[in-house]
1. Tell me what the chain gives for mean residue ellipticity at 222 nm when only DSSP H runs of n ≥ 4 count, each as -39,500 (n - 2.57), the sum divided by the residue total, rounded to 500 deg cm²/dmol.
2. Would you mind counting up the charge near TYR323? Only other residues with Cβ under 14 Å from its Cβ, with Lys and Arg at +1 and Asp and Glu at -1.
3. Residues of segment 136-157 with the amide nitrogen closer than 20 Å to a label point 7 Å from the Cα of LYS289, along Cα-to-Cβ, please.
4. Can you give me the orientation-averaged projected area of the convex hull built on the Cα atoms of segment 23-178, in nm²?
5. What is the diffusion coefficient of segment 255-312 in µm²/s, taking the Kirkwood radius over Cα pairs and the Stokes-Einstein relation at 25 °C with a viscosity of 0.890 mPa s?
6. With the crude spin-label approximation of a point 7 Å out along Cα→Cβ, what separation in nm comes out for ASP328 versus LYS189?
7. Expressed in nm to one decimal, what extension gain is obtained for the pair LYS211 and LYS277 from 0.36 nm per residue of sequence separation less their Cα-Cα distance?
8. Determine which aspartates and glutamates satisfy two conditions relative to LYS189: a Cα distance under 20 Å, and not lying fewer than 8 residues away in the same chain.
Amino acid sequence: MKTKMAVFLLCGAALLTACAGAGGGKADSGVPEFVLTYAENQAEDYPTTQGAYKFAELVNQRTNGKIEIQVNAGGTLGDERSVIEQLQFGGVDFARVSLSPLAEFVPKLNVLQMPYLYTGPEHMWRVLEGKIGDDFMNSFGDSNLIPLSWYDAGARNFYNSVRPIETLEDIRGMNIRVQESELMVDTIKALGANPVPMAYGDVYSGLQTGKIDGAENNWPSYESTRHYEVAGYYTIDEHTRVPELQLVAQSTWDKLSPEYQNIIRECAQESAVYERKLWQEREKISEQKIREAGCVITELSAEEKARFQDAVSPMYELYCADYVDIIDQIVAAGK
Ligand code: GCU
C-alpha cells in the first residue's frame with residue numbers, strides 16, 4: 001500500500017479531489033470537484049485533439065463545472081506507450097490513443113487492425129459501431145483501462161525519402177518506422193522491409209537523420225507532423241485502418257459517481273461524432289496540401305496491392321488464430 005501511495009505521488013497523480021465524495025454536487029458552484037488530465041499526442045488543431053477539447057467542454061457543462069478536464073496535446077504527457085502505462089495506475093486520467101500500441105496491453109484488439117481488413121471507412125464503422133465493436137469495448141478485462149469511444153484515424157499508407165514504392169520489390173530492405181506494436185513489426189518484416197519501432201514524436205528526426213527511410217501513416221498525420229517535408233514519396237496502399245480509442249483510467253473511473261460516469265460516457269460519444277466529422281474534412285485538406293507541396297503520390301496497382309496482401313496474409317494465422325470467427329464476421333460485414 002505504501003509503495004502504491006509512493007508511486008501515486010511520485011508520478012504526480014493527476015486526480016485532484018477538491019472535495020471528498022464523488023458526484024455529491026456539494027462543492028461551491030464554479031469550483032470543480034475533480035480536475036482531471038487528458039493526454040493527446042497530436043497537435044492542437046488536429047481532429048482528435050479538437051475532439052478532446054469538445055469532450056472536456058461537454059463534461060464541464062453537463063456537470064455544472066464540477067469536472068474539469070485539462071487536455072495536454074502534443075505528447076506533453078509522454079509517448080503513447082507511456083501514457084497507457086500511466087493510465088493503468090491513474091497517473092493520467094484520460095487519453096486518446098491508437099489501437100496499435102494499445103493492443104500490446106489488450107492483445108485481442110489486434111483483430112480490429114489487421115492488414116487490409118476493411119474495404120473502406122464505412123466497413124470499419126459498421127464493425128466498430130455494431131455488436132463486434134461493443135464486444136471489444138467489453139473485453140478490456142483486468143487491464144485497468146476503460147474504453148469510452150472510438151475515434152477515426154483513416155487508413156495508413158507508406159511514405160519514404162528514397163524512392164516511390166510502386167511494387168513489393170521497392171519496399172524491400174527499407175528501414176520503416178512502425179508504432180510500438182508487434183503486429184506492425186511482423187507486418188513490415190513480411191513485406192521484406194526492416195521494422196524500426198519508434199515513438200511518433202521521434203519520426204521526423206529519424207527521417208531527417210536517415211535513421212529510418214520511411215514510415216506509414218494517414219494523410220493528416222503525414223501532413224500535420226510535416227513528415228512530407230523529409231519523406232516526399234507517399235504510396236496509397238491503405239494497408240491498415242487503425243481506429244483509436246478514448247480511454248479513462250480504472251482508478252479514476254472508480255472515484256466517480258454513476259451519474260458522473262454516465263455523463264462522461266455520453267460526452268465521449270458525442271465528441272466522437274464531432275471528431276469523425278472533423279476527420280473527414282481534415283483528410284481532404286491534408287491530402288490537398290501534400291499534393292500542392294509537390295510530393296510524389298503513387299497509387300498501388302490492383303495487381304501489386306494483391307501481392308502486398310498476399311505477403312502479409314500470414315499475420316492472420318499469427319495474430320487471429322483464436323478469433324477466426326470474429327474475423328469472418330468482420331469480413332462478412334464488408335460485403
Ligand atoms: C496516428 C495516431 C497517433 C499515433 C501515430 C503513430 O497519427 O493518431 O495516435 O501515435 O499514428 O504512428 O504513432
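Computed from the coordinates by the stated procedures, all read-outs in this text should not be read as laboratory data. This is a predicted model, so every value here is computed, not measured. Glycine gets a Cβ as well: all are built from the backbone with ideal geometry, and neighbour counts include every protein chain shown.
1. Working: 16 runs with 151 residues, N = 335.
Helix-only estimate at 222 nm: -13000 deg cm²/dmol.
2. Working: positive: LYS108; negative: ASP135, GLU317, ASP322, ASP325, ASP328.
Every neighbour counted, the sum reads -4.
3. Inside the label zone: 152-157.
4. Details: hull surface 47.5 nm².
Computing the convex hull of the Cα atoms and averaging its projections yields 11.9 nm².
5. So the translational diffusion coefficient is about 159 µm²/s.
6. 2.9 nm
7. Values: separation 66, 0.36 × 66 = 23.76 nm, distance 3.57 nm.
Extending this stretch completely gives an extra 20.2 nm.
8. Filter leaves GLU104, GLU166, GLU169, ASP170, GLU180, ASP213, GLU216, ASP237, GLU238, GLU304, ASP310, GLU317.
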